[in-house]
1. How much of the accessible area of the chain, probe 1.4 Å, is carbon plus sulfur, in whole percent?
2. Would you please state which residues of segment 64-102 a label at ASN159 would reach in this model, taking the label point 7 Å out along Cα→Cβ and a backbone N cut-off of under 16 Å?
3. Along the charge dipole of the chain, pointing to its positive end and built from +1/-1 on Cβ of Lys, Arg, Asp and Glu, which listed residue (LEU144, GLY229, ILE56) has its Cα farthest out?
4. Distance in nm between label sites at ASN258 and SER340, each 7 Å beyond Cα in the beta-carbon direction?
5. Can you give the percent of C-alpha pairs in segment 187-269 whose distance is more than 19 Å?
6. What FRET efficiency do you get for SER19 and GLN329 if R0 is 51 Å and r is their Cβ-Cβ distance, rounded to the nearest 0.05?
7. Note the angle between two axes, namely the Cα long axis of helix 358-378 and the longest principal axis of the Cα atoms of the chain, as a number of degrees from 0 to 90, rounded to the nearest 10.
8. What do you get for Rg/Rh of segment 16-61 when both radii come from the Cα atoms and Rh is the Kirkwood radius?
Amino acid sequence: MLFRKDIYLDNGATTKVDSKVVKRMQEYFSEKYGNASSLHSYGRDAKENLENARKIIAKSIGAKTKEIIFTSGGTESNNLAIKGVALFYGKGHIIVSKVEHKCILNSCKWLEGQGFEITYLDVDNEGFIDLEHLKKSIKKDTILVSIIHGNNEIGTINNLEEIGKICRERKVYFHTDACQSYTKTEINVEKQNLDLVTLNSHKIHGPKGVGALFVKEGIKLTPLNHGGGQEGGVRGGTENVAGIIGFAEAVKIASDKNHIKKMERLRNKLIEEILKIPESKLNGSRKNRLCNNLNFSFKKVEGEAIGGYLDQKGITSSTGSACSEASLQPSYVLKSIGLSDELANGSLRLTLSRFTTEEEIDYVAKVLPKIISKLRKFSPL
Ligand SMILES: Cc1ncc(COP(=O)(O)O)c(C=O)c1O
């Protein structure tokens, strides 16, 4: 019989660093701590390991090694992709969806202030963009389309191949934010016609503060960080060698397809259990969904209250994306898929990891219905 547990189901916000990753990184802090730009043996060793990490990450998405630029994470990669392309062109039109991560939307807002035109595409009630609408929105001066791969709140996975084909045919660059989907579903830059891809490390049991941007050979970006010529001159600053080595180690471990199968099985089991709760609704696509994501709305309850009660039972959850949790507004993603304020405010996100166990899932399935029914008894709604 389980009582107080420590069940972490907020892996969409961040994950624990795998102990094998920590072990791999350790000597690069205290022994092999050279600067990858230095010419001495410490520097050469750092450079060799940095390039090996670049090779591992490039291979994982079918890219060339030189097409990977290391950054400080998803936010920086997204800023560099959007602003880097825009500023290189100097003017033009950009298309994004309404359910992008805030760092994309706020980069676009900033660009609007600089005179760029942005189209924000609607999504359907599962969170997909409409391909015909995308086609119609591309204009003569469109320079970039950026559409999220796996949505961080509702888990919906857009079809990159189809979007990429549309963009390639019209000679418009295609960027995707793959922070949530990386290693959880296929990303292949050739097959999916991708020009720029954002990746990060801390969603896949790697360290925080590390990410990468795939930039297809030949694409020019205006750097946002001017520095000493690191990362092909596109991103100045001493590379975070230990972090990057940890990132590559995390990628190697996460690439085992068995992890996906396990998360998918546990996710499906929990979806079935939670849907038995009266007046519950799964948000996002059932079919094309991140293997670790569950997002539900419950009538007549506040998501914050559910989260609080779950916390008391030792279960860590989220009511939206971590970055917007501080705001009291209902999630813009849930509003974009057509949810009422009541349903958007009554939402709960549970995100699994490869460390999540069946016992933990069973425990959540047992306590959650009781919490919902208790809250409904007190609900003024
Ligand atoms: C889809 C998506 N994009 C971008 C980010 C930002 O990444 P980072 O935390 O590495 O800056 C996140 C993380 O919350 C995310 O989920």
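1. Numbers: 8560 of 16690 Å².
That fraction is 51 percent.
2. Backbone N within reach: none found.
3. ILE56
4. With each label point 7 Å from Cα toward Cβ, the separation is 4.7 nm.
5. Numbers: 1826 of 3403 pairs.
Value for segment 187-269 (Cα pairs over 19 Å): 54 percent.
6. Details: r = 38 Å, r/R0 = 0.75.
Computed FRET efficiency for SER19 and GLN329 comes out at 0.85.
7. 60 degrees
8. Checking Rg against Rh, the ratio lands at 1.04.
The values are calculated or read from the model by the stated rules, or taken from the named source; none is laboratory data. In this text, all values refer to a predicted model and were calculated from it rather than measured experimentally. Note: ideal-geometry Cβ built from the backbone for every residue, glycine included; neighbour counts use all protein chains shown. Quick note on the areas: whole protein, heavy atoms, side chains included, nothing else; ligands and nucleic acids left out. Shrake-Rupley method; radii C 1.70, N 1.55, O 1.52, S 1.80 Å.
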